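To keep things clear, I will list the structure first and then write my remarks on it.
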Amino acid sequence: MRRVYFETVFGGNRTRASGKLMEIRDIRNDIFHFKREITVSDHQTLADHRSWLLNKIKQAEHRRMEAQQ
């Protein structure tokens, strides 16, 4: 059941969603554990993935609201 819910939110392409989340994880680990500076590229990747996640949240909320009507 949980997998079906996430597929409707993130789309059927699990590899794509997982890849985006792994990129965020890798940047976080580099910055916090290895104490390196964040690069412009890191910042852009984080901003892009944040926008992607916020869009997915909005879509899920919209579907949830429609289902309640």
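The values are calculated or read from the model by the stated rules, or taken from the named source; none is laboratory data. Everything numeric in this text was worked out from a predicted model, so none of it was measured. Every residue, glycine among them, receives a Cβ derived from its backbone with ideal geometry; neighbour counts consider all protein chains shown. Accessible surface areas use protein heavy atoms only, side chains included; no ligands, DNA or RNA. Shrake-Rupley method; radii C 1.70, N 1.55, O 1.52, S 1.80 Å.
Quick notes
- Helix 14-33 and the longest principal axis of the Cα set of the chain meet at an angle near 30°.
- Entry comment: accessible area of the chain is 86 Å² per residue, from protein heavy atoms only and a probe of 1.4 Å.
- Stretching Leu46 away from His33 to a fully extended chain increases their span by 2.9 nm, per 0.36 nm per residue minus the current alpha-carbon distance.
- Cβ-based net charge around Ile38, under 13 Å, with every Lys or Arg adding one and every Asp or Glu removing one: -1
- Segments 33-40, 22-29 sorted - mean Cβ within 10 Å per residue, highest first: 22-29, 33-40
- Estimated inter-spin distance, Lys56 and Arg25, nm [label 7 Å along Cα→Cβ]: 1.3
- In the chain, helices alone account for a calculated mean residue ellipticity at 222 nm of -29000 deg cm²/dmol, with every DSSP H run of four or more residues adding -39,500 (n - 2.57).
- Placing +1 on the Cβ of every Lys and Arg and -1 on the Cβ of every Asp and Glu, with no other charges, gives the chain a dipole of roughly 280 debye about its Cα centre.
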